Amino acid sequence: MASGAQGGATSRFSSAEKRRDSDHVSFLKHRGFRWLWIALGLSLAAILGYLMIDQQPRPNGGTWYGYTLGTIGFGLIIWLSLLGVRKRRINPGAWSLKAWTSAHVYLGLSLVVIGTLHTGFQIGWNVHTLAYVLMLLVIATGIYGVVVYATLPASLSANRREMTRAQMLDALTAIDRQLESAAQPLARGEADLVIAALAQDVFGGGALERLTGRYPGCATARALGGLGSGSEAEARVAALLEKRREQLAQIRGALRIRALLEVWLFVHIPLTIALIAALTAHVISVFYYW
């Protein structure tokens, strides 16, 4: 009995350890690149099927092979678009979020082959080509998303220097308190520059400024440029403003990286919705004129 209980505990510990190990594996490497191999196999099968068909003209969307690829592609696009729904459900296991995301990436890439062969390389100014182009744009933005999520989190961690967002803001607040006191002896014009710097919203700025990390309207930089250097008070304020600018650069760097991580969703999701609409029109028109 004791050995059986010990064996059961060991088994549970082993399975828990495996789950923890799998949690640290990138979704791109999930289960030894399982979905990469599946996607490659699907793409290869589609290519071989296309090459082995001996007919003229070559297969296109209006042939039996074109309908087959079109059905596969349509089903994949609808299924892949459900990733957002899956993210809202807590359901670990065979269809864990990591597995679904891995399948989303690799099967999404296989659509380049399936969709292109489905067209039969026939491109024109119509809703069919529109659906094809939108599909390629969705895939391209998806590739961008994978790249930024694979590379930028490390940059975000390095930029923070082991500081949380709250700690970075606390450091800025401490500098601001010192500036308020140090700016008291300044002349009115210089004091106003410091006050304007302190009053400027740390999280202000447009989308372009946040994405590029460049803030031409930075009041702190303007205050630094407007200070003289003839007194000890001015030198102290200049040193504090320089520290403030460095702290702002760290905060804005974190905001920029987060913006780069998130901006693709504002393109990828609307393009996916447009693709489904165009795809629906494509399917309806095909069956209407069939």
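The values are calculated or read from the model by the stated rules, or taken from the named source; none is laboratory data. Please read these numbers as outputs of a predicted model, since none were measured by experiment. Cβ placement follows ideal geometry from the backbone for every residue including glycine, while neighbour counts extend to all protein chains displayed.
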Being touching a residue at least 12 places away in the same chain (Cβ under 8 Å), loosely packed, with under 14 Cβ neighbours inside 10 Å and farther than 15 Å from Glu234 by Cα is the filter here; which residues of the range 188-206 pass it?
Ala199, Phe203
Residue check, Arg256 surrounded by 13 or more Cβ atoms within 10 Å (Cβ to Cβ), in contact (Cβ under 8 Å) with a residue 12 or more places away in the chain, closer than 29 Å to Thr151 by Cα and among the charged types (D, E, K, R)
yes
Out of Leu227, Leu261, Leu240, Leu248, report the one residue that is farther than 28 Å from Tyr144 by Cα, touching a residue at least 60 places away in the same chain (Cβ under 8 Å) and of a type outside the set (Val, Ile, Thr).
Leu240
Of all residues making up the range 165-196, the number that are within 24 Å of Ile257 (Cβ to Cβ), more than 28 Å from the chain's Cα centre (by Cα) and among the small types (Gly, Ala, Ser)
2
Identity of the residue in the range 59-91, in contact with a helix residue (DSSP H, G or I) (Cβ under 7 Å, 6 or more places away or on another chain) and among the aromatic types (Phe, Trp, Tyr), that ends up modelled with the lowest pLDDT
Tyr65
Here are Tyr149, Tyr132: which of them is within 27 Å of the chain's Cα centre (by Cα), of a type in the set (Phe, Trp, Tyr), within 29 Å of Ile269 (Cβ to Cβ) and buried (at least 18 other Cβ atoms within 10 Å of the Cβ)?
Tyr132
Does the range 122-147 hold any residues that are touching a residue at least 24 places away in the same chain (Cβ under 8 Å) and not in a helix (DSSP H, G or I), and which are they?
Gln122
Suppose the filter is in a helix (DSSP H, G or I) and under 30 Å from Ile276 (Cα atoms); does Ala150 pass it?
yes
Inside the range 39-58, can you point out the residues that are in contact with a helix residue (DSSP H, G or I) (Cβ under 7 Å, 6 or more places away or on another chain) and either at pLDDT below 90 or of a type in the set (A, V, I, L, M) (or both)?
Ala39, Leu42, Ala46, Ile47, Gly49, Tyr50, Ile53
Mind checking whether some residue in the range 237-251 is β-branched (Val, Ile, Thr), surrounded by 15 or more Cβ atoms within 10 Å (Cβ to Cβ) and within 18 Å of Leu156 (Cβ to Cβ)?
yes
Determine whether Leu265 is of a type in the set (A, V, I, L, M) and touching a Leu at 6+ places or on another chain (Cβ under 8 Å).
no
Please list, ordered by first then second residue, the pairs with beta carbon atoms under 9 Å, 6 or more apart or interchain, first in the range 67-91 and outside any helix (DSSP H, G or I), second modelled with pLDDT of 90 or more and not aliphatic (A, V, I, L, M).
Ser81/Thr272
Which members of the range 159-187 meet the condition of being charged (D, E, K, R), surrounded by 14 or more Cβ atoms within 10 Å (Cβ to Cβ) and assigned by TED's automatic domain parsing to the domain that holds Ser231?
Asp176
Is the range 155-163 home to any residue that is out of contact with any strand residue (DSSP E or B) (no Cβ under 8 Å at 6 or more places or on another chain), farther than 18 Å from Glu246 by Cβ and in a helix (DSSP H, G or I)?
yes
Could you tell me whether Ala219 is outside the structural domain of Ile257 (by TED's automatic domain parsing), closer than 30 Å to Glu262 by Cβ and out of contact with any Leu (no Cβ under 6 Å at 6 or more places or on another chain)?
no
Tell me whether the range 202-213 contains one or more residues that are over 30 Å from Leu83 (Cβ atoms) and among the aromatic types (Phe, Trp, Tyr).
no
